[in-house]
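Presented below is the structure to which this report refers.
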Amino acid sequence: MLCLGEALVDRLGPPGGDPASDRAGDDRLGGAPANVACGLARLGTPVAFLGRLGRDAIGEAFAALFAARGVDTRALQWDDHLPSRIVLVRRDAAGERSFGGFAGGAGAAGAAVFADQALAAERLSAALGPLLAAARWLLVGTIPLASPAAASALQLACLQAATAGVALALDVNWRPTFWDTAADPASGPGPEALALMRPLLEQAALIKCAREEAEWLFGSAAAAAVSAALPQRPAVVVSDGGAPLSWCLGGHSGVLPAFPVPLRDSTGAGDAFTAGLLHQLCAQPRLLAAQQGSPADRQALVAALRFAAACGALVCQGAGAIDPQPDQAQVQAFLAARA
């Protein structure tokens, strides 16, 4: 399993506070692809992280984390000039979060200011061959598309994955602040972003998106409608926080209620879900080839989705995206208690 994209720090503001000014901010390692890589490793799926970090305290912390989790870092790039990114995360009194800009940064106006924006395509290409030979999936998001160098690296990786027969998983993860720091955090993608996303949407074998992302991109929050709108008919899951999940996989579709749990911090819950689902798909590749109408196949798909949902629910009960990620035994215990 390969995960390509950003590794960064989420600076969590205190509930109801401002992470840019309140001294009680809580720095947590994060970034959707890094979160998924760490979640997969915690569950026992071999995984490599493909990205770029600054040679700074954040980079050192990630190096230690990846080593502790057993994440393969052969394709991890290091930047001697640009720093790792810090994202300011606001949390409301209930623990729900929104993104409010960045801290730090270096570089001239109009150039990359964080290390993840400078992911180098040629260096990545050289490292990809042996990794793709052993991989079933490449997971990407859309954030690298916001920076020209990182976009080129991502697009090249997707092309090499297709050539190698490695399936593409796309977590839409639309974050307007990464494209324009002055953008409304609740705004949808514009024409330029949509044009860059389209090739990924049309290559992906699995698409994970939030309800509002599905509505922006496809005019529907129903997973089956999203799948039908694309030529390759991908597997699709559409999340909606604590509301039921809409899914369409292996010729089957349905909705899955969320597990009700005490919410401390929702940061990384969707990434934990993605890690849980990809863990199941790596262990049971036939899930996406399930026979339409087969009750046994539908039951297996629902079980895989419940496993993934349990991963997300467990992360919601801790702080940050990575520290509360569960291992296989914790997920099974959680599900057994709700059987």
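Where a number appears in this text, it was derived from the coordinates with a stated rule and is not lab data. Note that the structure is a prediction, hence the values are computed from the model and not measured. So basically every Cβ, Gly included, is an ideal-geometry build from the backbone, and we count neighbours across all protein chains shown.
Return the Cα extents of segment 205-339 along principal axes one, two and three, sorted largest first, each rounded to a whole Å.
Computed over segment 205-339, the largest-to-smallest principal extents equal 39, 34, 22 Å.
For segment 210-231, list residues with backbone N below 18 Å from a point placed 7 Å from the Cα of Q292 toward its Cβ?
222-231
In nm, what is the difference between 0.36 nm times the number of residues separating D327 and A182 and their Cα-Cα distance?
Stretched fully, the D327-A182 segment lengthens by 48.4 nm.
Report ³J(HN,Hα) in whole Hz for each residue of segment 164-179, in order, from the Karplus equation J = 6.51 cos²θ - 1.76 cosθ + 1.60 where θ = phi - 60°; Gly and Pro get x.
The phi angles translate into 7, x, 8, 6, 9, 10, 10, 9, 4, 6, 5, 9, x, 4, 6, 8 Hz.
Using a Förster radius of 25 Å, what is the FRET efficiency between A243 and A339 based on their Cβ-Cβ separation? Nearest 0.05, please. Mind dumping the intermediate values first?
Values: r = 23 Å, r/R0 = 0.90.
E(calc), rounded to 0.05, equals 0.65.
Which whole-Hz ³J(HN,Hα) couplings does segment 286-300 yield from phi under the Karplus relation 6.51 cos²θ - 1.76 cosθ + 1.60, θ = phi - 60°, glycine and proline marked x?
With coefficients 6.51, -1.76 and 1.60, one gets 6, 4, 7, 10, 4, 7, 4, x, 7, x, 5, 5, 4, 4, 5 Hz.
Amide H neighbours of A210 under 5 Å, counting only residues 5+ apart in sequence or on other chains, H built in-plane at 1.01 Å?
Here N173, S239 satisfy the definition.
Quick one: 3J(HN,Hα) in Hz for segment 3-9, Karplus 6.51/-1.76/1.60 with θ = phi - 60°, rounded, Gly and Pro as x.
Calculated HN-Hα couplings, in order: 10, 10, x, 8, 10, 8, 9 Hz.
Taking the beta-carbon count within 10 Å as an exposure proxy, list T45, T73, T274, T181 from fewest neighbours to most.
With the fewest neighbours first, T45, T73, T274, T181 line up as T181, T73, T45, T274.
Could you give the radius of gyration (one decimal) and Dmax (whole number) of the Cα atoms in segment 195-267, in Å?
Considering segment 195-267 through its Cα atoms, Rg and Dmax are 12.9, 40 Å.
Ranking request for peptides 325-337, 246-258: highest mean number of other beta-carbon atoms within 10 Å first, then the rest in descending order.
246-258, 325-337
Would you mind computing Rg(Cα) / (2.2 N^0.38 Å) for the chain, counting N as its residues?
Values: Rg = 18.6 Å, N = 339, 2.2 N^0.38 = 20.1 Å.
Dividing the Cα radius of gyration by 2.2 N^0.38 Å gives 0.92.
Counting only helical runs of four or more DSSP H residues, what would the 222 nm mean residue ellipticity of the chain come to if each run contributes -39,500 (n - 2.57) and the total is spread over all its residues?
Helices in the chain give a 222 nm mean residue ellipticity of -12000 deg cm²/dmol.
To the nearest whole percent, what portion of all C-alpha pairs in segment 112-258 is separated by more than 27 angstrom?
More than 27 Å apart: 25 percent of the Cα pairs in segment 112-258.
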